[in-house]
1. Of the conditions (1) farther than 30 Å from residue 24 by Cβ; (2) open to solvent by 30 Å² or more (accessible area, probe 1.4 Å); (3) of a type in the set (Ser, Thr, Tyr), residue 130 clears all except one; give me its number.
2. Going through the range 64-77 one residue at a time, which ones are open to solvent by 50 Å² or more (accessible area, probe 1.4 Å), of a type outside the set (Val, Ile, Thr) and at pLDDT below 90?
3. Could you give me the residue pairs with C-beta distances under 9 Å whose first residue belongs to the range 48-77 and is more than 27 Å from residue 2 (Cβ to Cβ), whose second residue is in a loop (DSSP other than H, G, I, E, B) and open to solvent by 50 Å² or more (accessible area, probe 1.4 Å) wherever it lies, and which are 6+ apart or on separate chains?
4. Among the candidates 80, 106, 54, which residue alone is in a helix (DSSP H, G or I), modelled with pLDDT of 90 or more and under 23 Å from residue 226 (Cα atoms)?
5. Mind listing whichever residues of the range 105-120 are open to solvent by 20 Å² or more (accessible area, probe 1.4 Å) and in contact (Cβ under 8 Å) with a residue 24 or more places away in the chain?
6. Quick check, is residue 45 surrounded by 16 or more Cβ atoms within 10 Å (Cβ to Cβ), free of Cβ contacts under 8 Å to residues at least 40 places away in the same chain, assigned to a strand (DSSP E or B) and among the β-branched types (Val, Ile, Thr)?
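The values are calculated or read from the model by the stated rules, or taken from the named source; none is laboratory data. Not measured: the values here are computed from a predicted model. Virtual Cβ from ideal backbone geometry, glycine too; neighbours counted across all protein chains shown. SASA here: full protein model, heavy atoms, side chains in, ligands and nucleic acids out. Shrake-Rupley method; radii C 1.70, N 1.55, O 1.52, S 1.80 Å.
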Amino acid sequence: MNYDELITITTDVGCLLLANGAEIYRVEESMQRIFYAYGVKTGEVFAIPTCINVTITTPDGRPVTIIKRIPTRGTNLDKVERGNDLCRRICRSTPEFKAIRRELAVIEHRPVYGLGFQVLAFALVAFTFTLFYGGSFADGVCALFCGAAIKVICHNMNRFHANSFFVNIIASFAAAAIALIAAQFNITLSTDKIIIGALMNLVPGIAITSFMRDIIAGDLMAGIIRLTESVLVATAIAIGAGIALTMTRMIWGV
């Protein structure tokens, strides 16, 4: 048994899950089950949203440790589901490490929806939430453009690896500015409902759910980290929309 290769491939599986939005307990349990499947009973896994620390002890008493940082994280439940399926197949049949690496590469390079489809999805989310919060059909149409602008801005800024805090500020500012400018030409628009509906695209709903589950499961450090991330996102959204509202009052006096 090549224990260095085992701990490396197991950590790669854990990183795949963690980087795509899996819960901490899911990541740790999946990695430990892989160790058990290959006969290692001393695997210790400590994961937080930004890092995985793994240690195993070989039969001759030699500790093997690896620490891997997660530089970027997102939410891709398709990859999480396929990573879970891969873990189950590994535990069931203990394939060769080369086969596992091929499976990981396939999952990592799975195609995602194109930019046009994602822009449409953001626009429809904004439209639907605007109607949900009591907006009119005209408000929903305006929210379509706000939601589309959010996705276009996020996509282009992420291409340059911009800090997510500033990405959320710029995106929320643009959405609020479009709604406020549109209201100058149509005074019947409810800018508050349009802005709220559009900004729902940026609200970290899954992150909020995950930090609550982590804390309930006893992973306090991971839960606090995700709570902090959620608060920062909410702060960035508020700052961006607040700047747009303030500028509107300064320019048009409303």
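1. (2)
2. Correct list: 71, 73, 77.
3. Between residues of the range 48-77 that are more than 27 Å from residue 2 (Cβ to Cβ) and residues that are in a loop (DSSP other than H, G, I, E, B) and open to solvent by 50 Å² or more (accessible area, probe 1.4 Å), the close pairs are 49/73; 50/71; 50/73; 72/161; 76/110; 76/112.
4. Matching residue, one of 80, 106, 54: 80.
5. Of everything in the range 105-120, those that are open to solvent by 20 Å² or more (accessible area, probe 1.4 Å) and in contact (Cβ under 8 Å) with a residue 24 or more places away in the chain turn out to be 108, 110, 112, 115, 118, 119, 120.
6. For residue 45, the condition - surrounded by 16 or more Cβ atoms within 10 Å (Cβ to Cβ), free of Cβ contacts under 8 Å to residues at least 40 places away in the same chain, assigned to a strand (DSSP E or B) and among the β-branched types (Val, Ile, Thr) - is met.
A quick yes/no check of all residues on (1) farther than 30 Å from residue 28 by Cα; (2) of a type in the set (D, E, K, R); (3) surrounded by fewer than 16 Cβ atoms within 10 Å (Cβ to Cβ):
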{"site": "216", "(1), (2), (3)": "no, no, yes"}
{"site": "225", "(1), (2), (3)": "no, no, no"}
{"site": "236", "(1), (2), (3)": "yes, no, no"}
{"site": "249", "(1), (2), (3)": "yes, yes, yes"}
